[in-house]
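Some notes on the structure that comes next.
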Amino acid sequence: MIANGEKESIRLPSPLDHSVHDTAHFRDLPIFFERIRESHAGGEFIPFSIRGKDDSQSPMYVEHLERLDEHHVLLKAIPIRNASVELATSSTPAAWSSPFFEYMEEAAVLLKTNGVVMKINSAFTKEYGWTEKDLVGGKLPYVPDDLLEEFQMIRLQLLAGEKKINLDTVRLKKDGTRVPVSIRAYPVFDSDGRLVATTAMVISKESAAASQSLIRLQERIIKDRDQLIIDIMENTDLGVGQYDFIRNRFVYLSPAIKNLFELELNEIYADALSFQKYVHPEDQEEMANILCNPDSSGEMEYRLIVPGKELKWLRTKSVPIRDSDGRVIRLIGFTQDITKQKFTEEMNLKWEKLGMVGHLAAGIAHEIRNPLTSIKGFMQLMNETDSSGAYTDIIMDQLERIELIVDELLMLAEPHQEDELLPTDLKRVLSEVSHLLKAEARMHNCTIKFEFPEGPLRAICNMDEIKHVIINLVKNSYEAMPGGGTVYLSAWESEAGPIIEVRDEGIGIPEERLPRLGEPFYSNKEKGTGMGLMKSFKIMERHGGTIEFESEEGKGTTARVRLPRESESTKS
């Protein structure tokens, strides 16, 4: 053995050297040789203390053991000398007013330098049953009689200046049960560096074993969960990819990605943008924007054009993962093949269009048959009575009605795209239709009130088409008041552009029907086809404007026509 501070000049022992039997207490020889055997067997070394054979020899604290060869070991030991540190006169360390001691999870005890108990924490009481009332002010009764000398040795080591002692030993619970424990003992100093107390954490090996068992169980649960997630990801048709914005590459791709994008995974790992290889050129820009912009997220549908294969539709939903500062550090994408779904949607759309054609044919036949019947009847009367003059006006009215229906049908197909949109004063448009609207109002037992701004109301539009929209909305108001009433037609300039408003006091429109206004063949009238309102929506769409409806049953309906400013319309 070599003492602490001496030079480590290693030499093999000779027969003239003192034997360990001549220097160590006979009761400490078993632990001495046990540690030697453990070291030779390759086990972890545990520091220990050995007492001198008599009082003339200082006890030694063995803190290091190194195996030299098959028969020799090197021990590094510290002599333990009493009163090697200065003791404080006060025995109450102020530092232990901190709640740390009380709330630490390990059982802990605080002792005076003479071994008297100063304090124990709640974990000590919970683990071993002893309370502060049982222990404070007295000696520790939880040390077995056969280990009292070991306890005194630990205390002496701390008094000699040792900063930390680890010891595996046995302690008693209050009911007398012997418990294997692991002790970590430390000195406690005051602000002047004087030793005022010693403290020890006493960890029950049984509790530690239970904790380790619980930890192993939790680790197994986590491992099983992770494996379950992997099994799902590896065997689903849903493609999952995780892109790392810190490393600018994909860090995970599920096997389904290979079949979805028709690419090897290693190719995508090597080049993050290689998965765009077969993406339709029109969709590549949007996809690159999502990948290159950390704040982009959402859902997009795009096409794949793979040589020798049919067009494929994919849908990817992106979910951002943020750090504690709110920055997007990863993006997880979920991709699925929606080709069949798209095919189904296209087929449904085709059937819907066929149904629209049927409705349109029925509506046109109904609208044209009535005036044709009238014309046919009057033509027969003309032949029989030879009085063409009396029926000419009626026949012309019916022919004009047929022409109007045909014009509306053509408008649905392409609403006068050849007509140019020109700068117009909407006040002039409203003035020109006012006389017609007043005459129409008298026929429906209604009145109409106008409210226009003093100055011009500029817009880029087609006058005839805007007239058609206003007349159609006002006529709808007349028909919504079968018993008569007042229609208010007003116009003004807003920040967004000119607004024309038609408000009536009619029966109103149910709230659930408002979103459907303007749909083909949808009408609130008993015999209506919805073509007039649909035509108005088409006109406003071409002008870059909108028609909005507000209504309350029994109180009336407001239709609001919004047109863009003259400058905005010109730019577009």
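For the reader, a short list of remarks on this structure follows.
- Screening Pro520 against (1) modelled with pLDDT under 85; (2) within 17 Å of Glu479 (Cα to Cα); (3) of a type outside the set (D, E, K, R) leaves a single unmet condition, (2).
- Restricted to region 316-347, and to residues there that are of a type in the set (S, T, N, Q) and open to solvent by less than 90 Å² (accessible area, probe 1.4 Å), the residue that is farthest from Lys258 (Cα to Cα) is Thr344.
- Test: residue in region 205-212 that is aliphatic (A, V, I, L, M), on the phi < 0 side of the Ramachandran plot and open to solvent by less than 20 Å² (accessible area, probe 1.4 Å): no
- Positions within region 304-348 being under 19 Å from Thr236 (Cβ atoms) and touching a Leu at 6+ places or on another chain (Cβ under 9 Å), in sequence order: Lys312, Trp313, Leu314, Ser318, Val319, Gly333, Phe334, Thr335, Gln336, Asp337, Ile338, Thr339
- Residue match in region 1-14 (condition: at pLDDT below 75, open to solvent by less than 90 Å² (accessible area, probe 1.4 Å) and in contact with a Leu (Cβ under 7 Å, 6 or more places away or on another chain)): no
- Just one of the listed residues (Tyr252, Tyr278) is open to solvent by less than 60 Å² (accessible area, probe 1.4 Å) and aromatic (Phe, Trp, Tyr), and it is Tyr278.
- Search result, residues across region 466-489 that are crowded, with 21+ Cβ neighbours inside 10 Å, free of Cβ contacts under 8 Å to residues at least 60 places away in the same chain and not hydrophobic (A, V, I, L, M, F, W, C): Tyr478
- For region 131-140, a tally of residues being at pLDDT 85 or above, within 57 Å of the chain's Cα centre (by Cα) and not acidic (Asp, Glu) returns 4.
- Meets criteria (outside any strand (DSSP E or B), within 21 Å of Arg542 (Cα to Cα), open to solvent by 40 Å² or more (accessible area, probe 1.4 Å) and modelled with pLDDT of 70 or more) for Lys427: yes
- Conditions (1) assigned to a strand (DSSP E or B); (2) modelled with pLDDT of 75 or more; number of the one not met by Glu63: (2)
- Any hit, region 285-305, residues being surrounded by 14 or more Cβ atoms within 10 Å (Cβ to Cβ), touching an Asp or Glu at 6+ places or on another chain (Cβ under 7 Å) and either within 27 Å of Asp323 (Cα to Cα) or modelled with pLDDT under 85 (or both): yes
- Just one of the numbered conditions (1) of a type outside the set (A, V, I, L, M); (2) touching a residue at least 12 places away in the same chain (Cβ under 8 Å); (3) more than 17 Å from Val179 (Cα to Cα); (4) open to solvent by 50 Å² or more (accessible area, probe 1.4 Å) is not true of Lys133: (2).
- Positions within region 324-356 being among the acidic types (Asp, Glu) and at pLDDT below 85, in sequence order: Asp325, Glu345, Glu346, Glu352
- The lone exception for Ala272 - which of (1) at pLDDT below 85; (2) open to solvent by 20 Å² or more (accessible area, probe 1.4 Å) it fails: (2)
- Considering only residues in region 140-199 that are touching a residue at least 60 places away in the same chain (Cβ under 8 Å) and among the small types (Gly, Ala, Ser), the one that is most open to solvent (accessible area, probe 1.4 Å) turns out to be Gly193.
- Every test in (1) over 17 Å from Ala200 (Cα atoms); (2) at pLDDT 75 or above; (3) surrounded by fewer than 16 Cβ atoms within 10 Å (Cβ to Cβ); (4) not acidic (Asp, Glu) is passed by Asn114 save one, and that test is (1).
The values are calculated or read from the model by the stated rules, or taken from the named source; none is laboratory data. Remember, it's a predicted structure, so these values are computed and weren't measured experimentally. Here the Cβ is made from the backbone with ideal geometry for all residues, glycine too, and neighbour counts use every protein chain on show. Calculation scope for accessible area: heavy atoms of the full protein, side chains included, ligands and nucleic acids excluded. Shrake-Rupley method; radii C 1.70, N 1.55, O 1.52, S 1.80 Å.
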